[in-house]
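Visitor: To start, I am sharing the structure in question, which I have written as structure tokens.
Please treat every number below as a calculation from the coordinates, not as lab data. Just so it is clear, the model here is predicted, and its values are computed rather than measured. Virtual Cβ from ideal backbone geometry, glycine too; neighbours counted across all protein chains shown.
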Amino acid sequence: MGRRQVFSRGSRFAGLTVALVAVALGTGPDAAQAMAATHTTTAGAAQQSCTHERVAGAGAAYGWPLKPFHRQHPVRGYFGDPRIGHGEDGTVSRSFHFGVDVSGRDGTPVYATGTGTVRAKKRSVAIHLDNGLTFAYWHIVPTVSTGQRVVAYRTVIGHIARGWGHVHFAEWRGGSYVNPLRPGAMGPYSDRTCPAATRLSFERGGESLEADALAGSFDVVVEAADAPALSAAAPWFQLPVTPAVVRWRIVDEHGGVVVPWRAHYDVRQVLPRVDYHAVYAQGTTQNHPDAPGLYRFQLARNFVARSLHSGAYAVQVVLVDSRGNRTHSAWPFGIAA
Ligand SMILES: [Zn+2]
């Protein structure tokens, strides 16, 4: 038995026009009502429904780097979010966010969350843990020096640097960064918010095409976001983060599968092994104060219309977060003869 949520259009969600209406799907008399709500389709939008999957092994291995260590803190940047940097020479760098941004006021003490030996830099501290892992804390003014021993939840390793309003926490394990919010890592962490797909478009050269009679070749882009489990304070209040998983497939009008499920994006454990541009489409932006980011996932590039017979189809999109909140949506389109 799970819980189910239904999306309806109209209210503000992290700057996007999607609202969540939570409906408990039980075995009681409410169940029929909930089921009815689930089948409500709203004009102009794909129907979306959210289910909550049980995620195994959700107990935390280590706490938060800010006090209180064993209570959940707002995270305003998720693992895998787009990070777009502008160099002084005009260059633009785009990458996947390799940790999580834990909100805290400038000057807040940041504690070791593992016991080990420090390597300190100007604005970051890495702790090489006795168990072989590495924890790293960025945008802090260190109060420890390289070679120093630190003790979990006892040693203050630095303070959040002025102007940053968060500590970027990263975990390095076996040669790659891993998602600190995966079950069994940093916690306690629970998340009841559902990711949402806000728009799916068929595009050519960045221009949106009419979906009902596609021909030639086209790109398929879905705009998707998740609300943070706990929102940070203004100016980061309710700014969106990325879902942990984006999957899609194409079905025909009879529900027959013509393009099987493809895992476009999955950062539940590690970052994508493909290039940034293979994941995010042009027009993707990251959060800025009071300005929500736009996460455009490039599901297909130069999809050839002729690979399908003329007729009616739908792109089905599944979004999942790191705690198993799973949203399904369907987006109709047509292939011209
Ligand atoms: Zn960060």
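Visitor: Counting other Cβ atoms within 10 Å of each Cβ, which chymotrypsin sites (Phe, Trp or Tyr not before Pro) in region 234-337 have at most 14 and sit in a DSSP loop? Show your work: numbers first, answer last.
Guide: Values: sites: 236, 237, 248, 261, 265, 276, 280, 295, 297, 303, 313, 333; in loops: 236, 237, 295.
For chymotrypsin sites (Phe, Trp or Tyr not before Pro) across region 234-337 that sit outside H, G, I, E and B with at most 14 neighbouring Cβ atoms in 10 Å, the list reads 237.
Visitor: Picking from 235, 320, 59, whose Cα lies most toward the positive end of the charge dipole for the chain (charges on Cβ: Lys, Arg +1; Asp, Glu -1)?
Guide: So the residue furthest toward the plus end is 59.
Visitor: What is the distance, in nm, between label points placed 7 Å from the Cα along the Cα-to-Cβ direction at residue 312 and at residue 146?
Guide: With each label placed 7 Å out from Cα toward Cβ, I get 6.6 nm.
Visitor: Can you list the chymotrypsin sites (Phe, Trp or Tyr not before Pro) in region 126-158 that are in a DSSP coil and have 14 or fewer other beta carbons within 10 angstrom?
Guide: none
Visitor: Counting pairwise Cα distances across region 191-335, what percent come out greater than 27 angstrom?
Guide: Here the long-distance tail beyond 27 Å is 23 percent of all Cα pairs in region 191-335.
Visitor: Further question on the same structure: How far is the Cα center of region 57-82 from the Cα center of region 124-191, in Å?
Guide: What the calculation gives is 11 Å, centre to centre.
Visitor: Another question, if that's okay. Note down the nm distance, to one decimal, between modelled labels 7 Å out along Cα→Cβ at residue 274 and at residue 94.
Guide: About 1.4 nm separates the two model spin labels.
Visitor: How charged is the neighbourhood of residue 133? Take every other residue with its Cβ under 12 Å from the Cβ of residue 133, and add Lys/Arg as +1 and Asp/Glu as -1.
Guide: -1
Visitor: Using the Kirkwood formula on the Cα atoms of region 146-259, what hydrodynamic radius do you get, in angstrom to one decimal?
Guide: Numbers: mean 1/r = 0.0525 Å⁻¹.
Radius from the Kirkwood sum: 19.0 Å.
Visitor: Still on this structure, please answer the following. Explain nothing, just the number: dipole magnitude of the chain about its Cα centre with +1 on each Lys and Arg Cβ and -1 on each Asp and Glu Cβ, in debye rounded to the nearest 20.
Guide: 1080
Visitor: Right, here's the next one. Calculated from DSSP H runs of 4 or more alone, at -39500 (n - 2.57) each and per residue, what is the 222 nm mean residue ellipticity of the chain, nearest 500?
Guide: That calculation yields -1000 deg cm²/dmol at 222 nm.
Visitor: Can you tell me the mean projection area, over all orientations, of the convex hull of the chain's alpha carbons? Units nm², please.
Guide: Details: hull surface 75.9 nm².
Its Cα hull, projected and averaged over all orientations, spans 19.0 nm².
Visitor: Only Lys, Arg, Asp and Glu count, each charged at its Cβ (+1, +1, -1, -1), so figure out the dipole size of region 75-178 about its Cα centre, rounded to 20 debye.
Guide: Using only the charged Cβ atoms, the result is roughly 220 debye.
Visitor: Also: Test of the criteria: in region 248-277, which trypsin sites (Lys or Arg not before Pro) are in a DSSP loop and have at most 15 other Cβ atoms within 10 angstrom of their Cβ?
Guide: Here the trypsin sites (Lys or Arg not before Pro) that fit, given the DSSP loop and packing criteria, are 273.
Visitor: Compute, for region 156-276, the length of the dipole vector about the Cα centre, with Cβ point charges of +1 (Lys, Arg) and -1 (Asp, Glu) only. Units Debye, rounded to 20. Write out the running numbers ahead of the final one.
Guide: Details: 11 positive and 13 negative charges, 145 e Å.
So the dipole magnitude of region 156-276 works out to roughly 700 debye.
Visitor: What FRET efficiency comes out for residue 69 versus residue 291 if R0 is 35 angstrom and r is the Cβ-Cβ distance? Round to the nearest 0.05.
Guide: It comes to 0.65.
Visitor: Dipole of the chain (Lys/Arg Cβ +1, Asp/Glu Cβ -1, origin at the Cα centre): which of 104, 337, 117 lies farthest to the positive side?
Guide: 117
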